[in-house]
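Peer 1: What follows is a structure written as structure tokens; I'll ask about it next.
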Amino acid sequence: MTHGKGRSLLMIPGPIEFEPAVLQALGEPTTSHVSAGFIETFGHVLEQMRDVWFSPSGQPFVVAGSGTLAMDMAGANLIEPGDHALVVITGVFGERFAQLLERYGAKVTAIRAPLGQAVETAEIETALSEASYKLMTLTHVDTSTGVRSDAQAFGKMGRKHGVLTVLDGVCSVAGEEIRQDEWGIDVVLTASQKAIGVPPGLALLVASPRAIDAFANRKAPVPNYYADWEKWLPVMAAYEKRTPSYFGTPPVNLISALAVSLDQIVDEGMEARFARHHRLGRAFQTGVDALGLRHVPSVERNRAVTLSAVYLPDSAESAALRSEMARSGIVIAGGLHPEIREKTIRIGHMGAVGPTDVLGTLAALERALLGLGCAMDPGAGTLAGQKALTQDMS
Ligand code: PMP
């Protein structure tokens, strides 16, 4: 259902709402992928990624595909059959990483957090001191639970124990704070459709010199033709040197849109961007608290600022609540984690999101709950959200 202006507000945890200038770039006439203009755009994108990832030493990759391809590139290029990998799991996307690494022949040890919790750093540390691993993965923000893990401690532990670290930042890069080089993380990967602010279709990752060395020293060939870094490294190097190159045709318009979005992100400033996400995310969550609803992440420290995963009152069903909200022109997501699928909703607040979106969503949530007959105080969530947003203003 659409709203007054013929469209709804998309408040799911990806794809998100996109800036008009980004969408305009998608509608521009497509040029050759080896035209001078596009070579400059692609080269610029690779340089901007180093700034957004805080990884001056990193090797960026931009490839057509979704976030799962970015995960696949890390697995295909860094795992050889028989390698030991430690996978830290806080939801569905950690499980996906374990399956993916096994597909490439890894012997996977998984550490699973109880639902709604992060794995304690000490537990990871113990696992690392008890056995030897080539690589470990962490989902920075697991979109199925809204749980955020400590990426800084993860990078530090990887360096201390000589283990390659791969951070699934699909629901965090450009929204949650990440400093790849300083924190010592070897691969930080994401997809275009979340806080990076570009429609779905791009797999993005930055690999450290250590990760590239590990790839270069492989004995077994990469068993995935499309994902093989050997194919993509010369292409990325060529674009950065502003020379033509080809392996697979790059999605010209999506990469032009990415250039627009990365420029906007760099213009906003990373510190300001992290602060905005924090302010808006926490304001939304304060509103949820005031409605008497419970968050899936059990403690605030482990709660993402890019999305909220929220339990509904027992009497409300996720699908019914979502159609009530759609009547207000606001699209939110249902549960994703199999154990809590029907009992939860998920709301994205990242990228081109502002205070009005957050307050409008809280207000629509209040009306939807009332519409389903849930006892609550209309306005309580919106008021708490507004107070949180304005607390530094007076
Ligand atoms: N990891 C996380 C944390 C995600 O949220 C998602 C997508 N929701 C993925 C990986 C997979 O990305 P995609 O759907 O773009 O393949």
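Peer 1: For ALA320, what charge total do you get from the other residues with a beta carbon under 15 Å from its beta carbon, if Lys and Arg give +1 and Asp and Glu give -1? Write out the running numbers ahead of the final one.
Peer 2: Values: positive: ARG322, ARG327, ARG341, LYS343, ARG367; negative: ASP314, GLU317, GLU324, GLU342.
Every neighbour counted, the sum reads +1.
Peer 1: Right, here's the next one. In whole Hz, with x marking every Gly and Pro, tabulate ³J(HN,Hα) for the stretch 195-209 from phi via Karplus 6.51 cos²θ - 1.76 cosθ + 1.60, θ = phi - 60°.
Peer 2: 5, 5, x, 10, x, x, x, 10, 9, 10, 8, 10, 10, 6, x
Peer 1: Let me ask something else. When the helices in the chain are scored as -39500 (n - 2.57) per DSSP H run of 4 or longer and the sum is shared across all residues, what 222 nm value do you end up with, to the nearest 500 deg cm²/dmol?
Peer 2: Numbers: 14 runs with 169 residues, N = 394.
Result for the chain: -13500 deg cm²/dmol, rounded to the nearest 500.
Peer 1: What is the extension gain from THR30 to LYS231, computed as 0.36 nm multiplied by their sequence separation minus the C-alpha to C-alpha distance, in nm to one decimal? Intermediate values should be presented prior to the final figure.
Peer 2: Working: separation 201, 0.36 × 201 = 72.36 nm, distance 2.38 nm.
Extra length from THR30 to LYS231 when fully extended: 70.0 nm.
Peer 1: Would you work out the charge dipole size for the chain about its Cα centre, treating the Cβ of every Lys and Arg as +1 and the Cβ of every Asp and Glu as -1, and quote it to the nearest 20 debye? It would help to have the intermediate numbers written out before the result.
Peer 2: On the way: 34 positive and 42 negative charges, 62 e Å.
In debye, rounded to 20, the chain gives about 300.
Peer 1: Leaving ligands, DNA and RNA out of it, report the carbon-plus-sulfur percent of the accessible area of the stretch 166-317 at a 1.4 Å probe.
Peer 2: Numbers: 2930 of 5460 Å².
Reported share for carbon and sulfur atoms: 54 percent.
Peer 1: Moving on to the next point. Calculated FRET efficiency, ALA64 and GLN264, Cβ-Cβ r, R0 25 Å, to nearest 0.05? Walk me through the numbers on the way to the answer.
Peer 2: Working: r = 22 Å, r/R0 = 0.87.
Given R0 = 25 Å and the Cβ-Cβ separation, E is 0.70.
Peer 1: Please give the contour-minus-distance gain from ALA131 to GLU342: 0.36 nm per residue of separation, less the Cα-Cα distance, rounded to one decimal in nm. Numbers along the way, then the final one.
Peer 2: Values: separation 211, 0.36 × 211 = 75.96 nm, distance 3.85 nm.
That pair, ALA131 and GLU342, stretches by 72.1 nm at full extension.
Peer 1: Here is the link list: LYS156/LYS241; LYS107/LYS219; LYS134/LYS156; LYS5/LYS194; LYS107/LYS156; LYS134/LYS343. Which ones come out longer than 27 Å on Cα distance?
Peer 2: On the way: LYS156/LYS241 32 Å; LYS107/LYS219 17 Å; LYS134/LYS156 15 Å; LYS5/LYS194 24 Å; LYS107/LYS156 23 Å; LYS134/LYS343 38 Å.
Pairs exceeding the cut-off: LYS156/LYS241; LYS134/LYS343.
Peer 1: Using alpha-carbon pairs under 8 Å, 6+ residues apart, how would you state the relative contact order of the chain in percent?
Peer 2: Over the chain, the number comes to 24 percent.
Peer 1: Still on this structure, please answer the following. Tell me, what HN-Hα J-couplings in whole Hz come from the Karplus equation 6.51 cos²θ - 1.76 cosθ + 1.60 at θ = phi - 60° for each residue of the stretch 358-374, using x for Gly and Pro?
Peer 2: 5, 5, x, 5, 4, 5, 5, 5, 4, 5, 5, 5, 4, x, 8, x, 7
Peer 1: What is the local net charge at ILE178, summed over the other residues whose Cβ is closer than 14 Å to its Cβ (Lys, Arg +1; Asp, Glu -1)? All intermediate terms of the calculation are to be shown ahead of the outcome.
Peer 2: On the way: positive: ARG50, ARG148, LYS156, ARG179, LYS194, ARG273; negative: ASP51, ASP150, ASP168, GLU176, GLU177, ASP181, GLU182, ASP186, GLU271.
Neighbourhood net charge equals -3.
Peer 1: With +1 on the Cβ of every Lys and Arg and -1 on the Cβ of every Asp and Glu, and nothing else charged, how large is the dipole of the stretch 269-393 about its Cα centre, in debye rounded to the nearest 20? Kindly include the intermediate steps, with their values, before the conclusion.
Peer 2: On the way: 14 positive and 12 negative charges, 58 e Å.
For the stretch 269-393, the charge dipole is close to 280 debye.
Peer 1: Turning to a different aspect of this structure: Measuring from label point to label point, each 7 Å out along Cα→Cβ, what is the ALA275 to GLU300 span in nm?
Peer 2: 1.9
Peer 1: Tell me the label-point distance for the pair THR109, ARG159, using the 7 Å Cα-to-Cβ offset, in nm and rounded to one decimal.
Peer 2: 2.3
Peer 1: Moving to a separate point now. Counting only DSSP beta bridges with both residues in the chain, what percent are antiparallel, rounded to the nearest 5?
Peer 2: Antiparallel bridges make up about 55 percent of those DSSP assigns within the chain.
Peer 1: Taking only protein heavy atoms into account and a 1.4 Å probe, give the accessible area per residue of the chain in Å². Kindly include the intermediate steps, with their values, before the conclusion.
Peer 2: Working: 15640 Å² over 394 residues.
Per residue, the chain has 40 Å² of solvent-accessible surface.
Peer 1: Roughly how many percent of the accessible protein surface of the stretch 322-393 is carbon and sulfur, given a 1.4 Å probe and a whole-percent answer?
Peer 2: 53
Peer 1: Using a Gaussian network model on the chain with a 10 Å cutoff between Cα atoms, which of ALA203, ALA174, ALA272 fluctuates the most?
Peer 2: It is ALA272.
Peer 1: Right, here's the next one. In nm, to one decimal, how far is the modelled label at MET393 from the one at LEU372, with both set 7 Å along Cα→Cβ?
Peer 2: Distance between the two pseudo-spin positions: 3.0 nm.
Peer 1: I want the local charge near PRO60. Using Cβ-Cβ distances under 12 Å, sum +1 for each Lys or Arg and -1 for each Asp or Glu among the other residues. Mind dumping the intermediate values first?
Peer 2: Values: positive: ARG50; negative: GLU47, ASP51, GLU240.
The answer is -2.
Peer 1: Sorted by mean Cβ packing within 10 Å, highest first, what order do the peptides 95-104, 116-125 take?
Peer 2: Details: 95-104: 19.4, 116-125: 17.3.
Top of the packing list down: 95-104, 116-125.
Peer 1: Shifting gears a bit: Which whole-Hz ³J(HN,Hα) couplings does the stretch 177-185 yield from phi under the Karplus relation 6.51 cos²θ - 1.76 cosθ + 1.60, θ = phi - 60°, glycine and proline marked x?
Peer 2: With the stated coefficients, the stretch 177-185 comes to 5, 9, 10, 4, 5, 4, 7, x, 9 Hz.
The values are calculated or read from the model by the stated rules, or taken from the named source; none is laboratory data. Treat the numbers as computed from the prediction; the structure is a model and nothing was measured. Heads up, the Cβs are rebuilt from the backbone with ideal geometry, glycines too, and the neighbour counts pull from every protein chain shown. For accessibility, only protein heavy atoms count, side chains too; no ligands or nucleic acids. Shrake-Rupley method; radii C 1.70, N 1.55, O 1.52, S 1.80 Å.
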